[in-house]
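S.K.: Dropping the structure in here first, questions after.
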Amino acid sequence: MDADLTIRPATDADDDAIWQILEPTFRAGETYPIPRDIPRGDALAYWRSPGHTVFVAQASDAILGSYYLRANNRGGGAHVANCGYMVLSTASGRGVARAMCRHSLEQAKERGFQAMQFNFVVASNSRAVRLWQACGFAVVGRLPGVFNHPALGPVDALVMHRTL
């Protein structure tokens, strides 16, 4: 991981950098159930949805990743957190996602969440599955063929969970 990586709350001034991270992933359509042609404004509105606390991972002046933290559900499910993470394609393999996951677990615990759950981890995204497992998440469910991968066709999505 980059030694000078810091993770901080995102500001509106970070939107261009966040879009540079989101756009290639959304356009590829391989890991998020988001329309591949989503416009910039809609993508940023999704990432910054009400209830989302958005963070960026920065090394020097470059933003290398972003994640959001939110309650997975309301009411009786509000004690479980949920996150979405993305890393700039040129920063892949540098430990940015791992650092953001660790940061999100700390932030979730500080906010009083008792667990974290990922509702829709595309099973063919093996790097993410391995990383989340290394961060203490267990596969607690499999949703057969619910994600239409652009190259692989229907693939499973995993539900992953860990206590805090």
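The values are calculated or read from the model by the stated rules, or taken from the named source; none is laboratory data. All values reported here derive from a predicted model rather than from experimental measurement. Ideal geometry is used to build each Cβ from the backbone, glycine not excepted, and the neighbour counts take in all protein chains shown.
S.K.: Provide a single number: the residues in the stretch 83-103 that are of a type in the set (S, T, N, Q), out of contact with any helix residue (DSSP H, G or I) (no Cβ under 7 Å at 6 or more places or on another chain) and not in a loop (DSSP other than H, G, I, E, B).
M.R.: Qualifying residue count, the stretch 83-103: 1.
S.K.: Consider the stretch 53-83. How many of its residues are within 16 Å of the chain's Cα centre (by Cα) and more than 15 Å from residue 14 (Cα to Cα)?
M.R.: Result for the stretch 53-83: 8.
S.K.: Sticking with this structure for a sec: Name the single residue, out of those in the stretch 114-147 being in contact with a helix residue (DSSP H, G or I) (Cβ under 8 Å, 6 or more places away or on another chain), of a type in the set (A, V, I, L, M) and farther than 21 Å from residue 28 by Cα, that is surrounded by the fewest Cβ atoms within 10 Å (Cβ to Cβ).
M.R.: Step by step, filter the stretch 114-147, then rank; the result is 134.
S.K.: Using the structure shown, decide if residue 65 is outside any strand (DSSP E or B), of a type in the set (Gly, Ala, Ser) and either modelled with pLDDT of 95 or more or closer than 23 Å to residue 22 by Cβ (or both).
M.R.: no
S.K.: Any residue in the stretch 30-50 that's touching a residue at least 12 places away in the same chain (Cβ under 8 Å): show its pairings with residues that are assigned to a loop (DSSP other than H, G, I, E, B) and crowded, with 16+ Cβ neighbours inside 10 Å at Cβ separation under 6 Å, as long as the two are six or more apart or on different chains.
M.R.: If the second residue must be assigned to a loop (DSSP other than H, G, I, E, B) and crowded, with 16+ Cβ neighbours inside 10 Å, the pairs left are 31/125; 36/29.
S.K.: Same structure again: Say whether the condition of being in a helix (DSSP H, G or I), buried (at least 18 other Cβ atoms within 10 Å of the Cβ) and free of Cβ contacts under 8 Å to residues at least 40 places away in the same chain is met by at least one residue in the stretch 104-113.
M.R.: Within the stretch 104-113, none of the residues are in a helix (DSSP H, G or I), buried (at least 18 other Cβ atoms within 10 Å of the Cβ) and free of Cβ contacts under 8 Å to residues at least 40 places away in the same chain.
S.K.: Please find, within the stretch 21-38, the residue that is farthest from the chain's Cα centre (by Cα) out of those that are within 17 Å of residue 97 (Cβ to Cβ) and either β-branched (Val, Ile, Thr) or assigned to a loop (DSSP other than H, G, I, E, B) (or both).
M.R.: Out of the qualifying residues, it is 30.
S.K.: Something else now. Considering only residues that are hydroxyl-bearing (Ser, Thr, Tyr) and farther than 15 Å from residue 31 by Cα, look in the stretch 68-91 and name the one that is modelled with the highest pLDDT.
M.R.: Within the stretch 68-91, the subset hydroxyl-bearing (Ser, Thr, Tyr) is 68, 85, 89-90.
Narrowing further to those that are farther than 15 Å from residue 31 by Cα: 68, 90.
On the way: 68: 98, 90: 85.
Within the stretch 68-91, the match that is modelled with the highest pLDDT is 68.
S.K.: Given the conditions (1) part of a helix (DSSP H, G or I); (2) surrounded by 14 or more Cβ atoms within 10 Å (Cβ to Cβ); (3) not polar (S, T, N, Q), report the number of the one that residue 76 does not fulfil.
M.R.: (2)
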